[in-house]
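Undergrad: Okay, here's the structure, questions in a sec.
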Amino acid sequence: MNKTRLMPTDMPWYWSMSVPTSQGWRVNAPGALLFTGAQFSVDADGNALGEGDIEVQTRNVFTNITRVLRDGGADWSNVVKMNTFYVFDGPEDEAKAFWEKMTRVRVQFYAQPAHCGTGVRVSGLPGKGLLIGAAAIAVVPA
């Protein structure tokens, strides 16, 4: 797979901490696209694991994505796009610290250079106590 990282120099972006994601990727590759469904921190019955703990839930979500990638013949180096949805309904002055806790766990899974990504703060997810859901798109080598 031939990937070109897109990092326009005229697009300044502020992050409260260093985040290794890319602004975009152009992929010229024979191979297949692998789309993961949204992954959550749940047990076999759909109950939240790590209720109230964004770090535990994030690790579970990204471990689940790792398994789906593996089963599809890919790994994190093949990921070109991530969508992450997280719930934070606490005081606004604590939102940044919450996001940083989540992100410190997420980046442990990222290949370098990292994929591009979208993170969206939402008011809820499909399950009581869920704080994060994420899905990936990967290009699996032919």
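Bear in mind these aren't lab numbers, they're just calculated from the coordinates by the rules spelled out. Note that the coordinates shown come from a computational prediction; the quantities given were computed from them, not determined experimentally. Neighbour counts are summed over all protein chains in view; Cβ atoms, including those assigned to glycine, are modelled from backbone coordinates with ideal geometry.
Undergrad: Along Cα→Cβ, 7 Å out, is where each label goes; now give me the distance between the ones at T118 and E55 in nm to one decimal.
TA: Between T118 and E55, the label points sit 3.0 nm apart.
Undergrad: What is the fewest-to-most order of I132, I137 by other Cβ atoms lying within 10 Å of their Cβ?
TA: The most exposed by this proxy come first: I137, I132.
Undergrad: Then there's this: For the modelled label position 7 Å from the Cα of F35 along Cα-to-Cβ, which residues of the stretch 83-98 have backbone nitrogen atoms closer than 17 Å?
TA: The answer is 83-85.
Undergrad: Also, I was wondering about something else. Kindly identify the stretch 32-114 as rounded, prolate or oblate by the Cα gyration tensor criterion: order the square roots of the eigenvalues as a ≥ b ≥ c, call it rounded if a/c is under 1.5, otherwise compare a/b with b/c, prolate if a/b is larger, else oblate.
TA: Taking the square roots of the gyration eigenvalues as a ≥ b ≥ c, the stretch 32-114 is oblate.
Undergrad: A further question on this structure: K101 versus S77, label points 7 Å from Cα toward the beta carbon: distance in nm?
TA: The two pseudo-label positions are separated by 3.4 nm.
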